[in-house]
Amino acid sequence: MMKALGFRVVVAQPDMMANMDKFAEIVNSCSMLVGAHGAGLTNAVFLPEGAVLVQVVGLGIDWISNTYFGIPSPGMGLNYIDYKIEPKESSLISLYGKDHPVIVDPESITSKGYEVDRAVCLIKQNFNIDVVRLKRGRFFYCCHLEMKRGYEESSSSASLGPPQSKFRHNPDGDSQFLEDESTKIFARKVADHYSARTNQTLEEREASPIIHLKKLNNWIKSVLIQLYAHRGDAVLDLACGKGGDLIKWDKANIGYYVGIDIAEGSVSY
Ligand SMILES: C[S@@+](CC[C@H](N)C(=O)[O-])C[C@H]1O[C@@H](n2cnc3c(N)ncnc32)[C@H](O)[C@@H]1O
């Protein structure tokens with residue numbers, strides 16, 4: 001599932017976990033730790049500062065999940081995200097039925113104390129995660145955050161961790177993208193060119209020597225968007241310009257749109 005979401009997954013085999021030093025090194029090479037609420041998440045102590053901890057929180061275990069992992073995370077230098085299970089994703093619905101207090105009012109079970117909560121909600125609960133819901137939720141933000149943060153360059157992460165990125169932390173803790181001078185100069189030229197472009201009238205546009213190519217490009221983009229975008233999707237449009245494709249995305253009924261462009265003049269249009 002995580003692979004399908006675009007992550008590079010590190011699977012910890014039992015032999016790795018038997019060696020605490022080795023396992024701590026593996027966890028430390030990861031930028032994200034994902035797991036259902038439980039003791040396994042204490043491995044978060046080995047995560048590097050700035051990593052993301054994602055806790056899958058089942059029904060009726062909000063308090064314990066938040067108290068054990070959610071609240072301590074910022075103090076450990078981690079970005080914490082929870083994924084709260086809906087009744088339809090929980091095995092408790094088939095176990096107790098949709099009208100049981102654990103489904104309609106899980107707080108009423110939690111308030112009976114840890115022993116009851118543990119017996120009813122914790123040890124009997126399995127998840128069947130709705131991947132579509134997961135992809136549309138804060139996970140999207142989480143991926144973005146990971147990209148922004150990038151990976152620390154270290155010998156251990158070079159052998160075990162994700163591929164090296166050009167993102168590095170500066171002393172203030174912000175990420176910066178390392179690029180050579182010529183890349184910067186070209187990027188500036190492109191940005192200035194597009195920022196300086198004025199809006200064309202319909203006649204001016206039709207008079208363009210490449211109008212047929214533009215129309216072909218637009219047709220191809222419309223077809224691709226209709227084929228691959230689904231109702232409610234979250235879209236990251238890289239090089240969005242002045243939003244020339246917004247109508248196409250709108251027709252596909254997407255739910256959320258973020259556009260990025262290097263030309264300040266285009267995005268502020
Ligand atoms: C031909 S326009 C297309 C704009 C938009 N997608 C549309 O169809 O209306 C190309 C855009 O790519 C942007 N661009 C070029 N290089 C970029 C980069 N490295 N990062 C982000 N945007 C970039 C330009 O600033 C320009 O707005």
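The values are calculated or read from the model by the stated rules, or taken from the named source; none is laboratory data. From a predicted model like this one, the values you see are computed outputs, not experimental measurements. Heads up, the Cβs are rebuilt from the backbone with ideal geometry, glycines too, and the neighbour counts pull from every protein chain shown.
Before we move on, is ILE109 in contact with a strand residue (DSSP E or B) (Cβ under 8 Å, 6 or more places away or on another chain), within 16 Å of PRO87 (Cβ to Cβ) and aliphatic (A, V, I, L, M)? No. Exactly one residue out of MET32, MET17 is farther than 21 Å from ASN66 by Cβ and not acidic (Asp, Glu): that is MET17. Is there a residue in segment 76-86 that is over 30 Å from ARG231 (Cβ atoms) and without any contact (Cβ under 8 Å) to a residue 12 or more places away in the chain? No: zero hits.
State which residue is nearest to ALA187 (Cα to Cα) when the search covers only segment 213-254 and only residues that are of a type in the set (D, E, K, R) and assigned to a helix (DSSP H, G or I). Please lay out each step first, then the result.
Keep residues of segment 213-254 that are of a type in the set (D, E, K, R), which gives 214-215, 221, 231, 233, 237, 242, 245, 248, 250-251.
Among the residues that remain, those that are also assigned to a helix (DSSP H, G or I) are: 214-215, 221, 248, 250-251.
Values: LYS214: 22, LYS215: 26, LYS221: 24, LYS248: 27, ASP250: 29, LYS251: 31 Å.
Of everything passing the filter in segment 213-254, LYS214 is nearest to ALA187 (Cα to Cα).
Report, by residue number, each residue of segment 205-250 that is without any contact (Cβ under 8 Å) to a residue 12 or more places away in the chain and either in contact with a strand residue (DSSP E or B) (Cβ under 7 Å, 6 or more places away or on another chain) or β-branched (Val, Ile, Thr) (or both). Hits for segment 205-250 are ILE210, ILE211, ILE220, VAL223, ILE247. Here is a list: SER182, SER108. Which entry is exposed (fewer than 15 other Cβ atoms within 10 Å of the Cβ), farther than 30 Å from GLY232 by Cα, at pLDDT below 90 and small (Gly, Ala, Ser)? Every option except SER182 fails the conditions.
Filtered by the rule that a residue be within 12 Å of the ligand (Cβ to nearest atom) and of a type in the set (Val, Ile, Thr), segment 196-225 gives ILE210, ILE220, ILE225.
If I filter segment 255-269 down to residues being in contact with a strand residue (DSSP E or B) (Cβ under 8 Å, 6 or more places away or on another chain) and not in a loop (DSSP other than H, G, I, E, B), which single residue comes out as farthest from the ligand (Cβ to nearest atom)? Checked segment 255-269; the qualifying residue farthest from the ligand (Cβ to nearest atom) is TYR256.
Being hydrophobic (A, V, I, L, M, F, W, C) and within 11 Å of the ligand (Cβ to nearest atom) is the filter; apply it to segment 226-254 and report the residue that is nearest to the chain's Cα centre (by Cα). Full working, then the answer.
Our first condition is that a residue be hydrophobic (A, V, I, L, M, F, W, C); within segment 226-254, this holds for 227, 229, 234-236, 238-240, 246-247, 249, 252, 254.
Narrowing further to those that are within 11 Å of the ligand (Cβ to nearest atom): 238-240, 246-247, 249.
Details: LEU238: 16, ALA239: 20, CYS240: 20, LEU246: 22, ILE247: 25, TRP249: 21 Å.
By that ranking, first place goes to LEU238.
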